[in-house]
1. Taking Asn45 and the conditions (1) closer than 19 Å to Trp61 by Cβ; (2) modelled with pLDDT of 80 or more, which numbered condition does it fall short on, given that it satisfies the others?
2. Restricting attention to segment 23-39, report how many residues are in contact with a helix residue (DSSP H, G or I) (Cβ under 8 Å, 6 or more places away or on another chain) and at pLDDT 85 or above.
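The values are calculated or read from the model by the stated rules, or taken from the named source; none is laboratory data. In this text, all values refer to a predicted model and were calculated from it rather than measured experimentally. Positions of Cβ are generated from backbone atoms using ideal geometry, with glycine treated the same way; all protein chains shown enter the neighbour counts.
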Amino acid sequence: MGKRKSSFTVSDVKRAVTAVSGSGLTVFGVTISNDGSIRIDTAANEGGRVVDTGSSSFDQWKSKRAALGND
């Protein structure tokens with residue numbers, strides 16, 4: 001099996017991390033899948049310390065939306 005050219009660049013990852021950080025979230029990990037998707041793990045900043053939320057920001061948004069019946 002030969003090597004495939006990656007479907008992302010370092011600047012793609014930097015741009016994604018900068019966007020997430022700019023929204024006020026703390027980035028504590030980045031996962032890049034073979035399909036080229038980039039997952040950024042975040043934590044809530046609570047009282048000056050980082051707390052693992054256990055789910056992504058999208059998952060939190062989606063669950064709030066479902067709770068409101070807007071799913």
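1. The number of the failed condition is (2).
2. 2
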